[in-house]
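Engineer: There's a structure below that I have some questions on.
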Amino acid sequence: MRITGVTTYTVPPRWLFLKIETDEGVVGWGEPVVEGRAATVAAAVEELSDHLVGQDPRNIEDLWTVLYRGGFYRGGPILMSALAGIDQALWDIKGKALGVPVHELLGGKVRDRIRVYSWIGGDRPTETAAAARAAVERGFSAVKMNGTAELQYVDSWDKVDLCLESVRTVREAVGPDVGIGVDFHGRVHKPMAKVLLRELEPYRLMFIEEPVLSENVDGFLDPLRSTSTPIALGERLFSRWDFKDVLASGAVDIIQPDPSHCGGITEARKIAHMAEAYDVALALHCPLGPIALAACLQIDAGCYNAFIQEQSLGIHYNESNDLLDYLADPSVFDYEDGMVRIPGGPGLGIEVNEDYVLERAREGHRWRSPVWRHVDGSFAEW
């Protein structure tokens, strides 16, 4: 079998899909994207395709190594996301060629299904209690919300109180047994993160995500280690080498690599197994499309430390299209009792509706991360 073509499709709301074709008619799909930099990643995929066309797609580990190490400059969001989508498509091809799901090629399942959580609220958390209650009524047993809007290095207590009020109303709306994740989104700097970690402890959160940016973790180890709330991070780390020091620090309880950003299924599994050696849980990051979610679930199937899966159905970014729109059979992601079954079809276990992909690719998108500013006019972390 030989690779004959590599094609990317920029599709709404903010996604990039990838198709790899072979001379035996087996096609694989991946989802390489950096949100807000889709065109840049597409260009990287096109450049990397020089190392793919004419090669046997089943030699995944060798192809991964060449794509990662063969360019001299390594890592980072663009290259690792391009590599991630390619890797997902290669696994999809291999599974389809053999007639088995990807997890069968990775040692089989340790679980048949996994818990999922629902996003509630938007970038600036408002009216989250009603959204949380609605998510629970739809069967979800866990939700995640943004904790704050803009926050200065040192800010006023009214901002802290607003965060606490949002979390309090959600907790009261869903009761004591529903998991609540609060995402600081890297918006919070060390001085205010110390305050918020302490003040949020009474609400018995499932986790606090990105309390500070990952590059600032080494200067914030004591508060992270001492809080009773589990700490999650990792969506902006891109390889096992990025995760190495974070895991060794003992400051993180849950890692969140994104298999569309961190080198795909091949690398995400290696990161997950590294984390298991440190007794750290896995909650793969996935606010993206159906191919990315399918890849996550194939990893979740065989990783003992995976405990919950992010998914984007109804997330505030999905305005023009949603998670299920690009699937020939959306029922593969039916949620039941707050969980989703591991797809059992060949490859990634989904069938992409290629005609609809082509239709929506004609519209494409130019999604960009919002640019926020503080009241003094200075840039604010989004």
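The values are calculated or read from the model by the stated rules, or taken from the named source; none is laboratory data. In this text, all values refer to a predicted model and were calculated from it rather than measured experimentally. Here the Cβ is made from the backbone with ideal geometry for all residues, glycine too, and neighbour counts use every protein chain on show. We work out accessible area using only protein heavy atoms, side chains counted, and drop any ligands, DNA or RNA first. Shrake-Rupley method; radii C 1.70, N 1.55, O 1.52, S 1.80 Å.
Engineer: Sorted by mean Cβ packing within 10 Å, highest first, what order do the peptides 319-329, 52-62 take?
Structural biologist: Ranked from most to least packed, the peptides come out as 319-329, 52-62.
Engineer: Return the sequence-ordered ³J(HN,Hα) values of segment 296-313 in whole Hz as given by the Karplus equation 6.51 cos²θ - 1.76 cosθ + 1.60 applied to θ = phi - 60°, using x for Gly and Pro.
Structural biologist: 4, 5, 5, 6, 4, 4, x, 9, 4, 7, 5, 10, 7, 10, 6, 8, 9, 4
Engineer: Can you give the accessible area of H189 in Å² (nearest 10), computed on protein heavy atoms with a 1.4 Å probe?
Structural biologist: Roll a 1.4 Å probe over it and H189 shows about 30 Å².
Engineer: Could you order Y304, Y117, Y278, Y68 so the one with the most accessible surface comes first? Probe is 1.4 Å.
Structural biologist: Accessible-area ranking of Y304, Y117, Y278, Y68, largest first: Y304, Y278, Y68, Y117.
Engineer: How much of the accessible area of the chain, in percent, comes from carbon and sulfur atoms when a 1.4 Å probe is used?
Structural biologist: Summing carbon and sulfur atoms, their accessible area is 48 percent of the total for the chain.
Engineer: I'd like the Karplus ³J(HN,Hα) series for segment 362-378: coefficients 6.51, -1.76, 1.60, θ = phi - 60°, whole numbers in Hz, and an x wherever there's a Gly or Pro.
Structural biologist: 5, 7, x, 6, 9, 5, 10, 4, x, 10, 9, 9, 6, 5, 8, x, 7
Engineer: Please give the per residue accessible area of the chain, computed with a probe of 1.4 Å over protein heavy atoms only, in Å².
Structural biologist: 40 Å²
Engineer: Now for a different question. Given the -39500 (n - 2.57) contribution per DSSP H run of 4+ residues, what per-residue ellipticity at 222 nm results for the chain, rounded to the nearest 500 deg cm²/dmol?
Structural biologist: Only helices count here, giving -11000 deg cm²/dmol.
Engineer: Next question, about the same structure. Of K159/K190; K144/K244; K19/K109; K244/K270, which pairs sit farther than 23 Å apart, going by alpha carbon to alpha carbon?
Structural biologist: Check vs 23 Å cut-off fails for K144/K244; K19/K109.
Engineer: Here's another thing I want to ask about it. Quick query: amide H of L327 versus all other amide H atoms, modeled in the peptide plane; which residues come in under 5 Å with a sequence gap of 5 or more or a different chain?
Structural biologist: N353
Engineer: Hey, can you rank 96-107, 213-224, 25-36 by average C-beta count inside 10 Å, highest first?
Structural biologist: For the peptides 96-107, 213-224, 25-36, the packing ranking is 25-36, 96-107, 213-224.
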